[in-house]
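Chemist: Once you've had a glance at the structure underneath, I'll fire off some questions.
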Amino acid sequence: MKMNSIVLLRILIGWHFLYEGAVKIYNPDWSAFSYLATAQGPLSFLFTPLAQPGIIDWVDTLNVLTLVFVGIFLLLGLLEKKAAFAGIGLLAMYYFAHPPFPGLQQLNVEGNYWFVNKNLIELVACIILFQNPTGSIFGIRYFWKKDKKLTKIEKA
Amino acid sequence: MKWTRRDLLKGLGGLPILGAVWWAGAANTVGARRERNELLEKLNISPSLPNNLPEITGKPVRVGIIGFGIRGEQLCRSLGFATNEWIEAMELEAVENPDNTALKVYRNQAKLNVKLTGVCDIFDVRAEKALNSFATPDNQIKRYRTHLDMVNSGEIDAVIIATPDHWHAPMAIDALNNNVSVYVEKPMTHTVEETYRLQEAAKNSKATFAVGHQHRQTLSFKTAQDVVEKGTLGHVSLIQTNTNRNDDNGAWNYDIHENANENTIDWEMFLGSAPKVPFNKNHFFRWRKWWAYGSGLSGDLLTHDYDRLNCVLNMGIPKSIMASGGVYTHNDGRDVPDVLQANMEFPDFSTGSSQIKGKEKGMTFCYSATLGNGFNRPTILMGHDATLELGNNLTVWPDNSSTRYAESLELGKMKPNIPIFKYTPGSNAKMPDAVSSATSQYFADKGLMWTYIDGVRVDSTFLHLKEWLSVIKNGGNVSCGIKEGFEEAITAHMTGLSWKLGRRIEWDKEQQIIKPIEGINFDEVLLSNGQWTKTSPRLGS
């Protein structure tokens, strides 16, 4: 039962990442420029330089590819540890570029946050996925498992 | 090994979800973009590119600056001459606040083919400041005691006039009569009578005349012209434009220099045609607060807003103006109002109509100002079909009851709260730019300070001066010349007169005069101290 919930979590997070990636791929005008250029908080010095011309194109491409990669493999239940790990990295960057720390202005948010926001929660959910691979319950890894099971039975 | 349907569902169940999510992302985005592109195609608005000016080649234009105060210094910087003091101050600023790009913008500014050869300022400290910073071994800048010495010297091709208002026209006329080109700050003139004399002088002179409304170079305004020309807004019936400032600098209470005294300032020269009053530092540094030298909100800030819109709409001088207001926020001895509302009527003007012929005609231009509150009220043009917000950025919202967009609104392709057009030329630059003071933020928001070309911030005053210099060298037309300056000055004077007299002031288009009022001498009223009564004293009397 517990694992079924984690499967559900994996599907939803994969869904979210893939949709974000697809939307950006089909919108050539999209760019992380303003998100990065307006970065705030103690680590903003890491993000603002990424908004420079020449660099921002690479950042945009890498961001979209990672989103799509995480989305596809979490949905398929394959390489899910790598996908969850990449998702953690991406979410950590989103979180620290605009952290919900007291005293910082919260831009384009619909709720109220104090240290904890949805990026952080999704990040922790990705840690759960990283620690609990479920591709063998629902996902392509199921075939491997079944294969092994059958082999075992045949041996017996 | 045999796969059951259950196995396939468990192993490949993610695949249809993947397909569905991808399809949804693609369909929603592509659909929204297609609708957007169709809309933009229909609106057919094209952000115009900056004027391609011919190069200013050959011998450098020999420029003299008259008035090296706050604005004079700014103009010299735009010309490529920053004082040592300013550079030092900006270097410090940049260390404290890395977002302050003022010095970087200055250093990246293209070099203009000019030679600053003369300076004329009646305050020794300022004149010496200019000489100390700009004089070089091969260009010993000359200090002229009077503007006449300068324009008669034969060593100056063009002058920049950044003096108190009451000196604008006399200096500009003297320069033009000597075929010396003129760039004069706004308002172009201080009285009605000299407005006509300056018009004559500009027409008869071989030299180039320009008024310092630098926002005519702002790209968003050029785009706004296109927005209006394409009928995007429908019939504009009301324009609302505002001044909202709430700081000492914005209320013209500038610093008084410690070395200012009767020995360092040529007081008689400062007074010029103004009433003879004893030496007064307050008057010298804060001259904008008295009608004798300045013209308050109507000449100082309304002129910017009026010309901004005249640049977009080309609506000319209003048929009538009614103004009201008073000294409500800075009761410090000033006699110009610090709260002012001016309603200008344009009964015959139209930006076009999407409704039946003859239904819509006429427009009111409402200028509203206070120096006691800094809440940002944007400039908006209110049309039957859409609303335009105008500043450095430009945004168009469709109107809920628009005739032109009725179908799109009904189909949900347009929504009244979602802009149909947005022009943000600075969006490629690192935002937000740091600006130094509340007053400069005020000008920046209005698109009066800089513009963006290919995402790079460019000082619009630089572009305006460059255009003037190019016309001096290569011929052509300046974007704010005597016609535009005349319209701006008359509008400012009509507003001042309306406030002072407490009555409607009308413009006679055929005769090109302000309709006379029996028993009233307009210039006497304009120069009088505060609001007019039969026994209104002039300053100092």
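The values are calculated or read from the model by the stated rules, or taken from the named source; none is laboratory data. Keep in mind it's a predicted model, so treat the numbers as computed, not measured. Virtual Cβ from ideal backbone geometry, glycine too; neighbours counted across all protein chains shown.
Chemist: Go through (1) out of contact with any strand residue (DSSP E or B) (no Cβ under 9 Å at 6 or more places or on another chain); (2) part of a helix (DSSP H, G or I) and name the single condition B:GLY72 misses.
Modeler: Of (1) out of contact with any strand residue (DSSP E or B) (no Cβ under 9 Å at 6 or more places or on another chain); (2) part of a helix (DSSP H, G or I), only one is false for B:GLY72: (1).
Chemist: Within the stretch B:41-57, can one find any residue that is in a helix (DSSP H, G or I), surrounded by fewer than 16 Cβ atoms within 10 Å (Cβ to Cβ) and not polar (S, T, N, Q)? Step through it out loud before you land on a result.
Modeler: Residues of the stretch B:41-57 that are in a helix (DSSP H, G or I), as a first pass: B:41-43.
Of the ones still in play, those that are also surrounded by fewer than 16 Cβ atoms within 10 Å (Cβ to Cβ) are B:41-42.
Retained after the next criterion (residues that are not polar (S, T, N, Q)): B:41-42.
Yes, the conditions are met somewhere in the stretch B:41-57.
Chemist: When residues of the stretch A:21-49 are filtered for being facing another protein chain (nearest Cβ under 8 Å) and either polar (S, T, N, Q) or within 17 Å of A:ALA84 (Cβ to Cβ) (or both), how many remain?
Modeler: 5
Chemist: Specify the residue that is farthest from the other protein chains (Cβ to nearest Cβ); the eligible residues are those in the stretch A:53-64 that are part of a helix (DSSP H, G or I) and among the aliphatic types (A, V, I, L, M).
Modeler: Taking the stretch A:53-64 and keeping what is part of a helix (DSSP H, G or I), we get A:56-64.
Now restrict to residues that are among the aliphatic types (A, V, I, L, M): A:56, A:59, A:62, A:64.
Values: A:ILE56: 9, A:VAL59: 14, A:LEU62: 18, A:VAL64: 11 Å.
Taking the candidates together, the pick is A:LEU62.
Chemist: With the structure loaded, tell me whether B:LYS111 is in contact (Cβ under 8 Å) with a residue 12 or more places away in the chain and surrounded by 17 or more Cβ atoms within 10 Å (Cβ to Cβ) or whether it fails that test.
Modeler: Numbers: in contact (Cβ under 8 Å) with a residue 12 or more places away in the chain: yes; surrounded by 17 or more Cβ atoms within 10 Å (Cβ to Cβ): no.
No.
Chemist: Could you check how many residues of the stretch B:3-14 are under 13 Å from A:PHE73 (Cα atoms) and either more than 7 Å from chain A (Cβ to nearest Cβ) or out of contact with any helix residue (DSSP H, G or I) (no Cβ under 8 Å at 6 or more places or on another chain) (or both)?
Modeler: 2
Chemist: So, in the stretch B:132-153, how many residues would count as being aliphatic (A, V, I, L, M), closer than 12 Å to B:ILE65 by Cα and in a loop (DSSP other than H, G, I, E, B)? Even if it seems obvious, please write down each step before you answer.
Modeler: Our first condition is that a residue be aliphatic (A, V, I, L, M); within the stretch B:132-153, this holds for B:135, B:141, B:148, B:150-151.
Adding the requirement that they be closer than 12 Å to B:ILE65 by Cα leaves B:141, B:150-151.
In the following step, the residues that additionally are in a loop (DSSP other than H, G, I, E, B) were identified as B:141.
Result for the stretch B:132-153: 1.
Chemist: Conditions: (1) more than 14 Å from chain B (Cβ to nearest Cβ); (2) β-branched (Val, Ile, Thr); (3) surrounded by 12 or more Cβ atoms within 10 Å (Cβ to Cβ). A:THR134 meets all but one. Number of the miss?
Modeler: The single condition A:THR134 does not satisfy is (1).
Chemist: So which of A:LEU46, A:LEU67, A:LEU50, A:LEU36 ends up being in contact with an Asp or Glu (Cβ under 6 Å, 6 or more places away or on another chain), on the phi < 0 side of the Ramachandran plot and assigned to a helix (DSSP H, G or I)? Spell out how you get there, then give the answer.
Modeler: Working: A:LEU46 fails: in contact with an Asp or Glu (Cβ under 6 Å, 6 or more places away or on another chain); A:LEU50 fails: in contact with an Asp or Glu (Cβ under 6 Å, 6 or more places away or on another chain); A:LEU36 fails: in contact with an Asp or Glu (Cβ under 6 Å, 6 or more places away or on another chain).
Residue meeting the stated conditions: A:LEU67.
Chemist: Within the stretch B:393-407, track down each residue that is assigned to a loop (DSSP other than H, G, I, E, B) and in contact with a Phe, Trp or Tyr (Cβ under 9 Å, 6 or more places away or on another chain). First the steps, then the outcome.
Modeler: Filtering the stretch B:393-407 down to residues assigned to a loop (DSSP other than H, G, I, E, B) leaves B:393, B:399-405.
Answer for the stretch B:393-407, where residues must be assigned to a loop (DSSP other than H, G, I, E, B) and in contact with a Phe, Trp or Tyr (Cβ under 9 Å, 6 or more places away or on another chain): B:ASN393, B:ASP399.
Chemist: Select from the stretch B:364-388 the residues that are closer than 16 Å to B:GLU229 by Cα and not polar (S, T, N, Q) and write down the one among them that is surrounded by the most Cβ atoms within 10 Å (Cβ to Cβ). Show your work before the answer.
Modeler: Filtering the stretch B:364-388 for residues closer than 16 Å to B:GLU229 by Cα gives B:381-388.
Right, trim to not polar (S, T, N, Q) and you get B:381-386, B:388.
Details: B:LEU381: 26, B:MET382: 19, B:GLY383: 30, B:HIS384: 21, B:ASP385: 25, B:ALA386: 26, B:LEU388: 24.
If we take residues in the stretch B:364-388 being closer than 16 Å to B:GLU229 by Cα and not polar (S, T, N, Q), then B:GLY383 is surrounded by the most Cβ atoms within 10 Å (Cβ to Cβ).
Chemist: Further question: Does B:THR329 satisfy the criteria of being at pLDDT 95 or above, surrounded by fewer than 19 Cβ atoms within 10 Å (Cβ to Cβ), touching an Asp or Glu at 6+ places or on another chain (Cβ under 7 Å) and within 27 Å of B:GLY250 (Cα to Cα)?
Modeler: Working: at pLDDT 95 or above: yes; surrounded by fewer than 19 Cβ atoms within 10 Å (Cβ to Cβ): yes; touching an Asp or Glu at 6+ places or on another chain (Cβ under 7 Å): yes; within 27 Å of B:GLY250 (Cα to Cα): yes.
For B:THR329, the condition - at pLDDT 95 or above, surrounded by fewer than 19 Cβ atoms within 10 Å (Cβ to Cβ), touching an Asp or Glu at 6+ places or on another chain (Cβ under 7 Å) and within 27 Å of B:GLY250 (Cα to Cα) - is met.
Chemist: Hey, another quick one. Of all residues in the stretch B:492-511, which are in a helix (DSSP H, G or I) and of a type in the set (A, V, I, L, M, F, W, C)? Don't jump to the end; show me each part of the working.
Modeler: To start, the set of residues in the stretch B:492-511 that are in a helix (DSSP H, G or I) comprises B:492-501.
B:ALA492, B:MET494, B:LEU497, B:TRP499, B:LEU501 - these are the residues of the stretch B:492-511 that are in a helix (DSSP H, G or I) and of a type in the set (A, V, I, L, M, F, W, C).
Chemist: Quick one: which residue in A:LEU75, A:LEU67 is at pLDDT 90 or above, crowded, with 21+ Cβ neighbours inside 10 Å and closer than 30 Å to A:PRO49 by Cβ?
Modeler: Values: A:LEU75 fails: closer than 30 Å to A:PRO49 by Cβ.
Sole residue among the options that is at pLDDT 90 or above, crowded, with 21+ Cβ neighbours inside 10 Å and closer than 30 Å to A:PRO49 by Cβ: A:LEU67.
Chemist: For the stretch A:1-20, which residues satisfy the criterion of being more than 9 Å from chain B (Cβ to nearest Cβ) and either hydrophobic (A, V, I, L, M, F, W, C) or in contact with a strand residue (DSSP E or B) (Cβ under 9 Å, 6 or more places away or on another chain) (or both)?
Modeler: A:MET1, A:MET3, A:ILE6, A:VAL7, A:LEU8, A:LEU9, A:LEU12, A:ILE13, A:PHE17, listed by residue number.
Chemist: Given (1) over 15 Å from the mean Cα position of the chain (by Cα); (2) within 12 Å of chain B (Cβ to nearest Cβ), where does A:GLN106 come up short, assuming only one miss?
Modeler: For A:GLN106, the failing item is (2).
Chemist: All but one of (1) over 25 Å from the mean Cα position of the chain (by Cα); (2) without any contact (Cβ under 8 Å) to a residue 24 or more places away in the chain; (3) under 30 Å from B:ASP149 (Cβ atoms); (4) surrounded by 14 or more Cβ atoms within 10 Å (Cβ to Cβ) hold for B:ARG62; state the number of the condition that does not hold.
Modeler: It is condition (2) that B:ARG62 fails.
Chemist: Moving to a separate point now. In this structure, does A:LYS2 turn out to be out of contact with any helix residue (DSSP H, G or I) (no Cβ under 9 Å at 6 or more places or on another chain) and either under 28 Å from A:ILE128 (Cα atoms) or free of Cβ contacts under 8 Å to residues at least 12 places away in the same chain (or both)? Don't jump to the end; show me each part of the working.
Modeler: Numbers: out of contact with any helix residue (DSSP H, G or I) (no Cβ under 9 Å at 6 or more places or on another chain): yes; either under 28 Å from A:ILE128 (Cα atoms) or free of Cβ contacts under 8 Å to residues at least 12 places away in the same chain (or both): yes.
Yes: the conditions hold for A:LYS2.
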